[in-house]
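These notes are about the structure you will find just below.
The values are calculated or read from the model by the stated rules, or taken from the named source; none is laboratory data. Everything quoted here is computed from the prediction, not taken from an experiment. Don't worry about glycine lacking a Cβ; one is built from the backbone with ideal geometry, like all the others, and counts go over all protein chains shown. Surface accessibility is based on the protein's heavy atoms, side chains included, excluding ligands, DNA and RNA. Shrake-Rupley method; radii C 1.70, N 1.55, O 1.52, S 1.80 Å.
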Amino acid sequence: MGAIKVAPSVLSADFGRLGEQIAEAAEGGADWIHLDVMDGHFVPNLTFGAPVIAAVRRFTNVPFDVHVMAANPDVLIPALADAGADYITVHAEAVTDLSQTVGLIRSAGVKPGVAISPDTPVSVLDEVLGDLDLVVVMSVYPGFGGQSFISGALGKIRQIRNRLDAMDSTAELEVDGGISAANSGEVACAGASVLVAGSAVYGAPDGVAAAIAAIKATAS
Ligand code: DX5
Ligand code: ZN
C-alpha cells in the first residue's frame, strides 16, 4: 500500500472564501479535497451541491472526492459529474439498488464510492464491492463536523481491508469522521488508505498545512 492520503473536508472551512480555502489545502499537501453534499433529508443539515462545486473546481487540480449524503442521490449524479467530481460516494442506507447507482456514477465518467454509516454492517457492500473505486467507513454519524471518532469503525475497516485484499481490489478505503493526528495512526494501521479530516485541518491553530502534515506523520 502506498502512502496514506489526506482529504480535508471543507465542511469546516470558511464558506465565504471556499475557493481560497481549497487552494490553501491543496498547496498544504492535501491529496484529495472532500466535499460533503447534504440535502437536509438524509441528514439534518444542508450544505451545497453541483453549482458550488463547479465554481470552486478551478481553484485546484487535486481530485474532488464528493460525499453525497442525500436521500435520492441518483438525480444529483449527472450534475456532480459535470461539476468536476472525480469520485462520487453515495450512502448504502439511501440507495435501493446499489449496483444500479454505482453503474450510473461509472457511466457518468466518475469513480464510484459507497459509504456506510456507523450502524450499517459491512455485509451491505457485498453485491458491489468488486465494482467500487472507493469504500467509505463513517466513523461518526453523518451530518456534522467536529464529532468524536467512533472506535467501532476500526473493526469494519479491518474487515473491508481483508475483503479488498482477498479480491485483489485496488479500491481506496477512506475513513470519515473525527480523524486527527491523535488517531490517524491506528486508523491507518487498521487498513485505511485515505483519511478525511475537517475540523482537525480547518480548525487547526497552526494552519492547514501543519495539520495535514501532522495527520500524515502519525499515520505513517
Ligand atoms: C460528516 C462529514 C465529514 C465531516 C468530517 O457528515 O461527512 O466529512 O466533515 O468532519 P470532522 O473531521 O470534523 O469529523
Ligand atoms: Zn464526508
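Okay, here's what the table says:
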| item | result |
| --- | --- |
| 5 angstrom amide H check on residue 115, placed H, neighbours 5+ away | 90, 91, 92, 136 |
| Within a Gaussian network of the chain (alpha carbon springs, distance under 10 Å), most fluctuating of 41, 67, 91 | 41 |
| Computed FRET value (nearest 0.05) for residue 220 with residue 186, which takes r as the C-beta separation and R₀ as 22 Å | 0.95 |
| Per residue convex hull volume, Cα atoms of region 77-220, in Å³ | 115 |
| Whole-Hz couplings from phi, Karplus 6.51/-1.76/1.60, listed for region 96-111; x for Gly and Pro | 8, 10, 4, 4, 5, 5, 4, x, 4, 5, 4, 6, 7, x, 10, 7 |
| Karplus (6.51, -1.76, 1.60) ³J(HN,Hα), θ = phi - 60°, over region 214-220, in Hz, Gly and Pro reported as x | 5, 5, 5, 4, 6, 7, 9 |
| Per residue Cα convex hull volume in Å³ - calculated over region 43-111 | 80 |
| Spatial separation of Cα centroids for region 190-220 and region 77-152, in angstrom | 22 |
| 169, 184, ranked by accessible area, largest first (probe 1.4 Å) | 169, 184 |
| Fluctuation leader among 167, 138, 38 - the chain, Gaussian network, Cα springs under 10 angstrom | 167 |
| Ordering of 192-201, 24-33, 154-163 by burial proxy (mean other Cβ atoms within 10 Å per residue, highest first) | 192-201, 24-33, 154-163 |
| Extension gain from residue 158 to residue 55, taking 0.36 nm per residue of separation minus the Cα-Cα distance | 33.4 nm |
| Derived scalar couplings ³J(HN,Hα) [region 47-55; Karplus, 6.51 cos²θ - 1.76 cosθ + 1.60; whole Hz; x for Gly, Pro] | 10, 8, x, 4, x, 6, 5, 4, 5 |
